[in-house]
Amino acid sequence: MQNPYQKLTKKAFWSPSVAQRSPFDLEGIWTPKFRIQETTRIVTFGSCFAQHIGKALKQRDYSWLVTEEPPPGLKEAKRRSYGYETFSCRTGNIYTPTMLEQWVDWSLGYRDPEPIAWIEGEGVRDPYRPTIEPDPFESVEEMINSRDQAINSFRVAIEQADIFVFTLGLTESWHDVGGWEYPMCPGTVGGAFDPDQHHFRNLPFRELHKALARATKKMRTINPRLKILLTVSPVPLTASASGDHVLVATMRSKSVLRAVAGELVSTKKFIDYFPSYELINAPSNRGMFFEPNLRNVNRKGVDYVMDHFFASIPSPKLKPGMRRSDSQGPSGIPSDAQCDEELLSAFSGGH
Amino acid sequence: MRKVAIVGNSHVAALKSAYMTLGSDRMGKLSLTFFASRGKKLASLERRGNNLVPGERKLAEALRFTSGRDENIDCSKYDCIVLYGLGLKLRRWPGCYYSTSVVQAALSDGFASSTAANLAGKLSNIGGVRVVVVPDPLPADDIASESAVQAFREARFRLSTWLKKIHGLDFLCQPEATLGPGFNTASRLAVGSQRLAIGRENDGEPHPQGDIYHMNDEFGRIMLDQLRVELSQIT
């Protein structure tokens with residue numbers, strides 16, 4: 001009598017599909033739930049790593065939808081420093097499912113953002129997008145107008161997309177007493193920390209799961225055919241406010257986010273998961289896809305992930321002279337992802 | 001008479017051709033001298049005192065040919081220098097809100113990439129000479145169906161305001177009467193455009209059929225009238 005394992009294919013077994021293979025021969029890591037073609041309109045949001053997906057989609061002539069266009073004439077390097085073409089619109093990093101729900105609520109009119117502004121010199125920073133521009137806004141009015149533009153563009157992204165890619169980044173989060181969530185702790189890249197106003201929360205599985213489920217459900221009220229593709233950022237935490245060792249905090253955070261994604265994928269037909277986290281962190285890779293700081297994913301790692309992504313969907317048209325692994329530019333050049341959370345390393349006090 | 005030097009690239013062809021046809025009387029109290037060369041060659045002009053001096057022989061020949069006498073541009077001889085075309089683009093702004101900072105950055109990047117910016121920098125601090133910049137004509141691709149006059153006015157306002165505020169440059173661009181149905185030049189104004197004459201065999205040859213970037217004599221006439229009116233007002 002056969003047991004169930006005898007019927008499984010090779011990919012179900014660690015030794016032949018991971019341990020005995022070169023990491024570069026890994027196969028069948030992802031079977032997409034839904035069809036992705038060159039004409040499929042894809043929007044990307046979330047943690048830093050989501051930036052690589054949008055960029056790779058664009059470079060390979062897939063339909064990466066950008067709903068907040070940069071002004072004409074702005075050179076590419078400045079586009080990124082002003083938060084254009086980083087995600088599909090200028091939300092900045094959305095690290096948590098709860099913050100995603102906050103953006104969804106704003107864009108669908110469930111809630112209006114609190115008119116909070118962080119005064120910096122004679123300018124103003126947006127607490128919800130503190131590094132969206134290199135310099136502070138000139139006035140509160142300008143900041144609000146800019147945020148409103150991003151909120152409107154976020155709604156357009158939901159309305160017009162076929163696939164909404166969301167990269168889950170953190171469980172650690174900062175909130176104010178009004179219930180609003182910030183991407184960065186006040187007092188780090190802007191604003192001032194007030195212990196009576198601001199508090200830390202390491203969000204639990206249930207809350208994250210519910211927030212992500214609600215966010216996706218709300219999005220589908222204005223676009224019922226919208227599909228969701230989740231990923232988990234493979235980038236470790238820069239710092240943890242949880243009280244745990246940052247290594248333990250990282251594992252906790254990523255594990256919870258991975259579990260949230262897994263739970264939703266197994267219960268919702270319209271939600272899929274792409275294993276970028278696993279591809280970078282697999283033991284067989286021995287950490288080779290990290291920069292020397294053991295945190296940032298290097299070019300080869302980004303290419304490795306994106307090659308797996310594109311290998312699993314219908315072949316794209318590569319631009320003349322372009323190899324599959326050319327998607328992120330020349331190797332050896334440090335990643336240029338815009339990542340607010342990295343700024344926390346400045347507070348390590350020389351440790 | 002006010003003396004005006006028109007310094008530009010291939011787009012000067014339409015202007016100069018119209019000027020030669022119409023005669024100098026058409027310009028009223030303006031006396032025009034053209035200094036033109038094709039492509040981006042004018043970027044190699046070097047500042048020496050009050051002069052812009054060609055850094056290479058072919059450019060010197062083109063300037064001597066187009067001006068009819070001089071290969072050096074002695075700026076002290078002119079009341080006004082018009083930087084014509086030279087890769088400066090009037091760009092349509094999407095219907096998004098932009099912060100002041102990013103507007104400035106975009107206009108700065110757009111201007112910096114043009115030969116007009118290169119020459120404007122070399123012309124700075126020459127006393128008594130006004131510098132006026134005129135962008136390339138909008139392409140004559142009549143694919144748009146909706147009127148874009150408002151978008152044109154917005155683009156003109158943004159660029160002209162910024163150039164004056166940041167660089168002290170006056171700005172002048174094609175009149176609305178030259179626009180097509182969208183953010184473009186009317187296609188009839190690109191029919192029959194010719195290469196800039198610089199003393200070469202292919203002088204005056206028609207641009208390839210379907211060229212939407214270079215304009216014809218009719219456009220040149222309209223721009224001359226525009227220059228006459230606007231430059232008379234710039235003191």
Which fully enclosed strands (runs of 3 or more DSSP E) of the range A:107-187 have 3 or more residues being in contact with a strand residue (DSSP E or B) (Cβ under 7 Å, 6 or more places away or on another chain)?
A:123-125, A:163-168, A:172-176
What single numbered condition from (1) closer than 15 Å to A:A150 by Cα; (2) of a type in the set (D, E); (3) touching a residue at least 40 places away in the same chain (Cβ under 8 Å) fails to hold for A:E120?
(1)
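Among B:A5, B:A60, which is the only one that is in a helix (DSSP H, G or I) and small (G, A, S)? Quick ask: steps written out before the conclusion?
Details: B:A5 fails: in a helix (DSSP H, G or I).
Selected residue: B:A60, the only one of B:A5, B:A60 that is in a helix (DSSP H, G or I) and small (G, A, S).
Quick check: is even one residue across the range B:100-113 in contact with a strand residue (DSSP E or B) (Cβ under 7 Å, 6 or more places away or on another chain) and either under 30 Å from A:C89 (Cβ atoms) or not basic (K, R) (or both)? Outline the logic, then answer.
Pass one, the range B:100-113, residues in contact with a strand residue (DSSP E or B) (Cβ under 7 Å, 6 or more places away or on another chain): none.
No, there is no match, as no residue in the range B:100-113 is in contact with a strand residue (DSSP E or B) (Cβ under 7 Å, 6 or more places away or on another chain) and either under 30 Å from A:C89 (Cβ atoms) or not basic (K, R) (or both).
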Among all residue pairs at least 6 apart or on different chains, which show Cβ distances below 6 Å where the first residue, located in the range B:137-158, is surrounded by fewer than 20 Cβ atoms within 10 Å (Cβ to Cβ) and the second is modelled with pLDDT of 90 or more and basic (K, R)?
B:A151/B:R92
Can you tell me which residue within the range B:108-131, out of those that are part of a loop (DSSP other than H, G, I, E, B) and at negative phi, is nearest to the other protein chains (Cβ to nearest Cβ)?
B:S113
Scanning for something among the hydrophobic types (A, V, I, L, M, F, W, C) and under 21 Å from B:Y98 (Cα atoms), does the range A:2-15 turn up at least one residue?
no
Given (1) buried (at least 20 other Cβ atoms within 10 Å of the Cβ); (2) more than 14 Å from the chain's Cα centre (by Cα); (3) modelled with pLDDT of 95 or more, B:F171 misses just (2)
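Filter the range B:94-107 for residues that are modelled with pLDDT under 95 and either touching a helix residue (DSSP H, G or I) at 6+ places or on another chain (Cβ under 7 Å) or more than 7 Å from every other protein chain (Cβ to nearest Cβ) (or both) and give the result.
Just the residues of the range B:94-107 that are modelled with pLDDT under 95, to begin with: B:94-96.
Selection gives B:G95, B:C96.
Just to be sure, is B:G95 outside any helix (DSSP H, G or I) and closer than 18 Å to B:C173 by Cα?
no
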Taking the options B:G55, B:G68, name whichever one is on the phi > 0 side of the Ramachandran plot and surrounded by fewer than 18 Cβ atoms within 10 Å (Cβ to Cβ).
B:G68
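Test A:I94 against the stated conditions and say whether it is more than 14 Å from chain B (Cβ to nearest Cβ), touching a Phe, Trp or Tyr at 6+ places or on another chain (Cβ under 7 Å) and in a loop (DSSP other than H, G, I, E, B). Write out each step before concluding.
Values: more than 14 Å from chain B (Cβ to nearest Cβ): yes; touching a Phe, Trp or Tyr at 6+ places or on another chain (Cβ under 7 Å): yes; in a loop (DSSP other than H, G, I, E, B): yes.
So A:I94 passes the test.
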Taking the range A:221-255 as the search range and keeping residues that are in contact with a strand residue (DSSP E or B) (Cβ under 9 Å, 6 or more places away or on another chain), assigned to a helix (DSSP H, G or I) and not small (G, A, S), which one is farthest from A:C48 (Cα to Cα)?
A:R252
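The values are calculated or read from the model by the stated rules, or taken from the named source; none is laboratory data. Being a predicted model, the structure only gives us computed values, none of them experimental. Don't worry about glycine lacking a Cβ; one is built from the backbone with ideal geometry, like all the others, and counts go over all protein chains shown.
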